[in-house]
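Each value in this text was obtained by applying a stated rule to the coordinates, not by laboratory testing. The model shown is predicted, which means the values in this text are computed figures rather than measured ones. All Cβ positions, even for glycine, are placed from backbone atoms using ideal geometry, and neighbour counts span all protein chains on display.
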Amino acid sequence: MSDFIPVARTSDIPDPGSLLVEVGERLVVLLHAAGHFYALDDVCTHDGGPLSEGPVDSAAGTIACPRHGAKFDLRSGAALTMPATQPTKSHVVKVDGEQLFVRLSDG
Ligand code: FES
């Protein structure tokens, strides 16, 4: 189990919005929607599209892949619409004051 790693300030990400960060060797998209923060791998499971370049829908709680439009659940990373069928990995976010931390779910 990895530790919580400081990745950004809460003010770095508009609501709704996203920010691409590197956590260790991994590209992670931090997401801000309806006052909550989430973290997903920056990889669409359809064909590797960069989720950090897609729009966040805070009412629906989703982010859409900019390549072919597959939508993923911000909380769980579940693939909600075609053409993606597999979830992308979600990571744990901790907020401490203004600081955001991420703990990778598989190190
Ligand atoms: S690469 Fe994301 S929907 Fe195709």
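Quick notes
- Top-ranked residue of the range 26-49 - restricted to ones that are away from the ligand (no atom under 12 Å from the Cβ) and more than 9 Å from the chain's Cα centre (by Cα), ranked as farthest from I13 (Cα to Cα): R26
- Listed by position, the strands (runs of 3 or more DSSP E) inside the range 50-107 whose residues that are within 15 Å of V21 (Cα to Cα) and away from the ligand (no atom under 15 Å from the Cβ) number at least 2 are 90-96, 99-103.
- Criterion violated by D42 - all others in (1) in contact (Cβ under 8 Å) with a residue 12 or more places away in the chain; (2) surrounded by fewer than 16 Cβ atoms within 10 Å (Cβ to Cβ); (3) among the charged types (D, E, K, R); (4) in contact with a strand residue (DSSP E or B) (Cβ under 8 Å, 6 or more places away or on another chain) satisfied: (2)
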